[in-house]
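Only the coordinates and a few stated rules stand behind these numbers; no lab work does. If you're wondering where the values come from, they're calculated on a predicted model, not measured in any experiment. Neighbour counts are summed over all protein chains in view; Cβ atoms, including those assigned to glycine, are modelled from backbone coordinates with ideal geometry.
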Amino acid sequence: MLCYTGRVAAPRMRPLPARRTAIPLASVGAVLLIAGLLLTWAVAAGESAMNARDLVINTWIRDLAIQWPFLDALGNFFSWFADSDRNFFTIPIVIVTLLVFRQWRWAIFFVVASEGGFLLSNVIKHLVGRERPPFLDFTGDALYTSFPSGHTFSGITVWVSISLLLFYLLPRPWSTVLGCVPLVIGLMNGPSRLLLGKHWISDVVGSWLLAGGWLLLTWAAFLWFLAPRSSPEQLRARRDSNPQPTG
């Protein structure tokens, strides 16, 4: 049977990954980004053929949302969070909060991940100029900005980034509980766009590849260059403050 010392444990913060993990993270990120760029080229070079291939799966998913209205409502719910209007307020609020609590390193990470992702997504959108799926009526510029899915992209670069902030800046178990909320929101934005019929499935896959690659590269750069490291004195104090199993 385990017993513990009588010391009161300090808040249990989740330790950051070691600096050396930045190299494999950057490698995976680069692979994802390259794969996303290759898919971008395939869509731009053969849009009609890609649309025909996607239409079968897209129609099946959209029909599910029509048959089961709660799926349509679920798609609208998750899409609401990653809308550009919400990001316009969410991103500055997160940045200001980090700066108020003197977490400038994390603020830099979040700015690069979210705003860099926004720039990358919109540049590719206008270069490819893919037409939207035929399920809804789009007009103006929105009609030819299908690839990649902006909601799916910001779901990764904004909302998954927020989950990383919560995982590492809040003590456990709150970091786990609260950090999983934006993680689910971020990951579900891709399926939500398919349920609503607003994007082709390759738009969503392309966003996952490009945004995932960008986020991993940003995270790797943060771990390598900016991540705060504890001094030896802080590490000893942390060990002393945590309960130690005996017997």
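Amide H to amide H distances under 5 Å link Arg172 with Arg12, Met13, Arg14, where only residues 5 or more positions off or on other chains count and H is placed in the peptide plane.
With K and R counted +1 and D and E -1, the other residues having a Cβ less than 15 Å from that of Leu170 yield a net charge of +3. State the answer as a single residue: which of Leu16, Val112, Thr90 lies farthest towards the positive end of the charge dipole of region 1-148, with beta carbon charges of +1 for Lys and Arg and -1 for Asp and Glu, about the Cα centre. Sorting the options by dipole projection puts first Leu16.
First measure r as the distance between the Cβ atoms of Leu16 and Phe88, then evaluate 1/(1 + (r/R0)^6) with R0 = 22 Å and state the FRET efficiency to the nearest 0.05. My answer for the efficiency is 0.15. Computed per residue of the chain from DSSP H runs no shorter than four, each worth -39500 (n - 2.57), the mean residue ellipticity at 222 nm is -22500 deg cm²/dmol. So what's the angle, to the nearest 10 degrees on a 0 to 90 scale, between helix 232-241 and the longest Cα principal axis of the chain? Between the helix axis and the principal axis of the chain, the angle is about 80 degrees.
The mean sequence separation of alpha-carbon pairs under 8 Å and at least six residues apart, normalised by the residue count of region 19-226, gives a relative contact order of 38 percent. Taking amide hydrogens as placed 1.01 Å from N in the peptide plane, the amide H of Gly197 sits under 5 Å from that of no residue at least 5 positions away in sequence or on another chain. With the convex hull drawn around the C-alpha atoms of the chain, the volume per residue stands at 162 Å³. Its Cα centre serving as origin, the chain has a Cβ charge dipole (Lys and Arg +1, Asp and Glu -1) of approximately 1320 debye.
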